Amino acid sequence: MKKIQRVLTGITTSGTPHLGNYVGAIRPTVRASRLPEVQSFYFLADYHALIKVGEPARVQRSTLEIAATWLACGLDPQKVTFYRQSDIPEIPELTWLLTCVTGKGVLNRAHAYKASVDKNNAAGVDPDAGVTAGLFMYPVLMAADILMFNAHQVPVGRDQIQHIEMARDIASSFNHLYGEHFTLPEAAIEEHVATLPGLDGRKMSKSYDNTIPLFVPRDQLRKLIMGIVTDSRAPGEPKSTEGSALFQLFQAFASEEETASLAKAYAEGIAWGDAKQTLFERLDREIAPMREVYDQLIQDPAQIEKTLKAGAEKARAIATPFTTRLREAVGLRQLDNRVAAAPVKAAKVTAPAFKQYREGDGLFYFKLVDGTGTLLLQSTGFASGKEAAQAIARLQREGSQALPSLREQLTLQEDGEALTQALAHFAALQA
Ligand code: TRP
């Protein structure tokens, strides 16, 4: 029997969906959501949008457009849980619980934050100039999105992989401290989904201002396609499919036979104008039926609002009781039923620790003990403190993976889960 996989992904509501989003995310995701063995959660990440967008009207408009797009592209809100992040008050609540087990140093190393700091440093201004705490906390909010529903798989672009790793680390820190509450999520990267080129041949992206919006009116779609950059080969001259943005766009929509036939036309010197017309017709064939649904939906925001509210209800049927359990786990408890005595000495030391010391033989040793004082690892003697420290650093960085190569330097190694967990704790703090 195959186990049900929970798949979850969020879409930041800060723009208008374009062809690149459609081919790279929406189309494969909608297809995957129809598989019987998955339970999917898709949500509009509007709290995340506030980090980048300071224009209320744009956040609202984008939320409407993205919701309408996903529905028009065939997402079935009966089959999946489709909701808006800000309709789930448990998400910011969980964000705080996770914030308290997240190392600040981990967040310092987040790509998006680091990029801003690097830019400021290069410009010779204060490292944190213009950096909001929202940007800094972005990975924790994202971890809350994922962990709230105990997702196994998180389909994301490559730029988001680090965030999923952080979510794993945050989850293991929390689990370590409060018990096994969270599933450790994994990034699901679609290897063979094409990155679409934009109008100018660079990757289609809002930041390059080279996008083709998915649901522009037909005549505008044609106009945009006519503006795709090509080389200056004249009609009749053979053209190269290699590096041709037009060709890559076609390929992302066409069957193999259709693609082969356009490649042949390239070799035979098709005029760029005709190639563009071919692309336009092929694109419009796939998009037109969805565009019709989209236009209807956009004109009926109340209907979309209802769909999202129903989705939020489904999501909260999970989030509300789970949050109750988590509050209980961390000690945010009612006082009117039993109040546990604060443990006297146990649980005071909750984190595992490496202890480094020197013996009478002049050698340097270390050991790893867990929160209850149980010995998990014991090293042999090192000639210098530096060597011992390096071995510790490796264990902290690489976790259990470092164990096989350090075997010679260990006289005791507690087997199993306790050691793995303790090492994962350090990895989570450093990441
Ligand atoms: N940060 C993601 C992006 O920009 C959007 C997002 C927010 C997300 N929360 C998420 C994606 C949770 C996956 C899971 O693409």
- Message: Could you go through the range 1-22 and let me know if any residue there is assigned to a helix (DSSP H, G or I), aliphatic (A, V, I, L, M) and either within 23 Å of HIS152 (Cα to Cα) or within 16 Å of the ligand (Cβ to nearest atom) (or both).
- Response: no
- Message: When you scan the range 40-47, do you find a residue that is surrounded by fewer than 20 Cβ atoms within 10 Å (Cβ to Cβ) and either farther than 15 Å from GLY157 by Cβ or more than 9 Å from the ligand (Cβ to nearest atom) (or both), even just one?
- Response: no
- Where a residue in the range 65-93 is without any contact (Cβ under 8 Å) to a residue 24 or more places away in the chain and its partner, wherever it lies, is within 13 Å of the ligand (Cβ to nearest atom), with Cβ under 6 Å and at least six apart: none
- Item | Qualifying positions in the range 151-186 - assigned to a loop (DSSP other than H, G, I, E, B), more than 13 Å from the ligand (Cβ to nearest atom) and touching a residue at least 24 places away in the same chain (Cβ under 8 Å) | GLY179, HIS181, PHE182, THR183
- Task: Give, as residue ranges, the helices (runs of 4 or more DSSP H) completely inside the range 187-301 that count at least 1 residues that are within 28 Å of LEU64 (Cβ to Cβ) and among the hydrophobic types (A, V, I, L, M, F, W, C).
- Result: 218-226, 245-253, 272-298
- Residue check: is PHE215 modelled with pLDDT of 95 or more and under 30 Å from LEU98 (Cβ atoms)? no
- If we scan the range 90-97, do we find a residue that is within 12 Å of the ligand (Cβ to nearest atom), assigned by TED's automatic domain parsing to the domain that holds GLU165 and touching a helix residue (DSSP H, G or I) at 6+ places or on another chain (Cβ under 7 Å)? yes
- Could we say that PHE136 is more than 16 Å from the ligand (Cβ to nearest atom), part of a helix (DSSP H, G or I) and at pLDDT 95 or above here? no
- Query: Can you name the number of the only condition in (1) more than 22 Å from ALA254 (Cα to Cα); (2) in contact (Cβ under 8 Å) with a residue 40 or more places away in the chain; (3) out of contact with any strand residue (DSSP E or B) (no Cβ under 6 Å at 6 or more places or on another chain) that PRO28 fails?
  - Reply: (1)
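The values are calculated or read from the model by the stated rules, or taken from the named source; none is laboratory data. Everything numeric in this text was worked out from a predicted model, so none of it was measured. Because the Cβ atoms are built from the backbone with ideal geometry, glycine has one as well, and the counts that use them run over all protein chains shown.
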